[in-house]
1. Go over the candidates Thr128, Thr133 one by one and state the one that is touching a Gly at 6+ places or on another chain (Cβ under 7 Å), surrounded by 17 or more Cβ atoms within 10 Å (Cβ to Cβ) and more than 20 Å from His204 (Cβ to Cβ).
2. Do the conditions hold for Ala222, that is, is it within 16 Å of ligand 2 (Cβ to nearest atom), closer than 20 Å to Gly289 by Cβ and either of a type in the set (Ser, Thr, Tyr) or in a loop (DSSP other than H, G, I, E, B) (or both)?
3. Only one of (1) within 13 Å of ligand 2 (Cβ to nearest atom); (2) in contact (Cβ under 8 Å) with a residue 40 or more places away in the chain; (3) not in a strand (DSSP E or B) fails for Ala217. Which number is that?
4. Spot the failing condition for Leu241; the list is (1) at pLDDT 95 or above; (2) touching a helix residue (DSSP H, G or I) at 6+ places or on another chain (Cβ under 9 Å); (3) away from ligand 1 (no atom under 16 Å from the Cβ), and only one is missed.
5. Looking at the stretch 162-183 only, could you name the residues that are in contact with a helix residue (DSSP H, G or I) (Cβ under 6 Å, 6 or more places away or on another chain), in a helix (DSSP H, G or I) and more than 15 Å from ligand 1 (Cβ to nearest atom)?
6. Can you name every residue in the stretch 116-164 that is touching a Pro at 6+ places or on another chain (Cβ under 8 Å) and acidic (Asp, Glu)?
7. Among the helices (runs of 4 or more DSSP H) confined wholly to the stretch 1-99, which include 3 or more residues that are within 17 Å of the chain's Cα centre (by Cα) and surrounded by fewer than 22 Cβ atoms within 10 Å (Cβ to Cβ)?
Amino acid sequence: MTDKLIIFDTTLRDGEQSPGASMTREMKLRIARQLEKLGVNVIEAGFAAASPGDFEAVKAVAEAISGSTICSLARASENDVRRAGEAIKPAKSGRIHTFIATSPIHMEHKLRMSKDQVIERAAMSIKTALEYTDDVEFSAEDAVRSDMDFLVQVFDEVIKAGAKTMNVPDTVGYSIPFAWGERMRQLIELVPNSDKVIWSTHCHNDLGLAVANSLSAVLNGARQVECTINGLGERAGNASLEEVVMAVKTRRDIFNLDTSIDTTQIVPASKLVSSITGYPVQPNKAIVGANAFAHESGIHQDGVLKHRETYEIMSAESVGWNANKLTLGKLSGRNALRQRFTALDIEFANEEEFVAAFNRFKELADRKTEIFDEDLQALVSDEAVSKVNEYYRLVSLRAHCETGILPIARVVISIGDKQQDAETQGGGPVDATFKAIEQIVSSGTELQLYSVNNITSGTDAQGEVTVRLSKGGRIVNGQGADTDIVVASAKAYLNALNKLHNNSERAHPQI
Ligand code: KIV
Ligand code: ZN
């Protein structure tokens, strides 16, 4: 057993399976660069066979990143594995992660395959994957509800076929820490040649136990944890990377393991993922929540001031808080902005794009005296978001609120090359704005979520709005940022409509 714990990040694949969180190639590239800076060992960049867009995204990440292994997911089918193999080809170090379900319920109702057929498909996919890379991972989907004897047989065969990493997923978030650790221990004990491969754990959070289960697997021999930034992921999410890493680091006395993670990059990674996906982080979330290091009670405050360790088991700085640096202001010039973008690893395809960002920065600086790194990140996300598809574009917005009268909003938007306007009342200025937009577009969508987050502190902070819309089974998240939250809301709503209009279809890996 090695004393290293491999951190396999699947924010760009399982994280992307969160409702509405699907990401463009540029978005994935920005997150991948931050994951590389964070020091994750493996980046699962996507599911290459899902869509041409995801294939291109995995390929682009494979081209751009050299400090982490780049992985693509693939169902156990020849086509999926070959697509994954082609997508990771440019990577300095590339991995194919192939999987097939092994539980009776999945084999009977989803795959309609016998045990022998499942084993045959798993072994065949590994052989095909080995044509592209010698770094092949196999997952027994729904291992949590699979029969132990069958699991042992499957893993035995895939080790013989040449896979190097054996991933054991709790696909449905059903396990509890004791049972999950025990399952890992038994597999390592019973599978022949188990010491020749790396055992990995992949937990979902349906019972709120993904991190606890992952750690229990680690205590029982797993040396790779699959996780996501902010615990993003399918349904209740995956094990959160920041919680796993900080638990292993803070309780080194128990785990006696190291990771390659630069923990000071955790908060920047969390903020980037949240701003790109539109999934806000709850304030009381461990490690990356706004209150994670805030001491409210007088006794705690007094204790921390006298000796930090009285109430803190790790420092805010060690996970990257305090990155809230004042960077630029109204008088800052192009060079200063360019340097700050470079420091934030934000690249522009050409000078025109940089000039557009500079102009937006100037507009923002007119309304907000202090511009922080987070404002610059939001500004770039907002720019990227508005480029998704500019079919609907906000031209102007006027909203009026006054005590005792119903708020009213007038919205002008361009649709293709035409401009249209509407004026409506609503329960509040945001409600009136959305109603006015709907009066123009009649989208037939259902609003599933509306959330506002301040990007930095203070009443002049930019508000970052997420709007989730659904239509005919499709769900999209739209985002917008502005110092005026009514404007941010209108941008977010139009961004969601643009994504729906942009009707790009992708397959889901588990179907
Ligand atoms: O949850 C799961 O089983 C997965 C596999 C594809 C690893 O995401
Ligand atoms: Zn999963």
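1. Numbers: Thr128 fails: touching a Gly at 6+ places or on another chain (Cβ under 7 Å).
It is Thr133.
2. Numbers: within 16 Å of ligand 2 (Cβ to nearest atom): yes; closer than 20 Å to Gly289 by Cβ: no; either of a type in the set (Ser, Thr, Tyr) or in a loop (DSSP other than H, G, I, E, B) (or both): yes.
So Ala222 fails the test.
3. (1)
4. (3)
5. So in the stretch 162-183, the residues in contact with a helix residue (DSSP H, G or I) (Cβ under 6 Å, 6 or more places away or on another chain) come out as 162-163, 166, 168-170, 174-175, 177, 180-181.
Add one more test, that the residue is in a helix (DSSP H, G or I), and what stays is 177, 180-181.
Residues satisfying the conditions are Pro177, Gly181.
6. Glu141, Asp142, Asp147, Asp156
7. On the way: elements: 25-38, 52-64, 78-88.
Answer list for the stretch 1-99: 25-38.
Residues are listed down the side, and each one gets a yes or a no for (1) touching a residue at least 40 places away in the same chain (Cβ under 8 Å); (2) surrounded by 24 or more Cβ atoms within 10 Å (Cβ to Cβ); (3) more than 22 Å from Glu317 (Cβ to Cβ):
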site	(1), (2), (3)
Ala222	yes, yes, yes
Thr228	yes, yes, yes
Ala236	yes, no, yes
Leu241	yes, yes, no
Leu257	yes, no, yes
Asp262	yes, no, no
Ser270	yes, yes, no
Ser275	yes, yes, no
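The values are calculated or read from the model by the stated rules, or taken from the named source; none is laboratory data. Quick caveat: nothing in here was measured; it's all calculated off a predicted structure. Quick reminder, even Gly has a Cβ in these numbers, built from the backbone with ideal geometry, and neighbours come from all protein chains shown.
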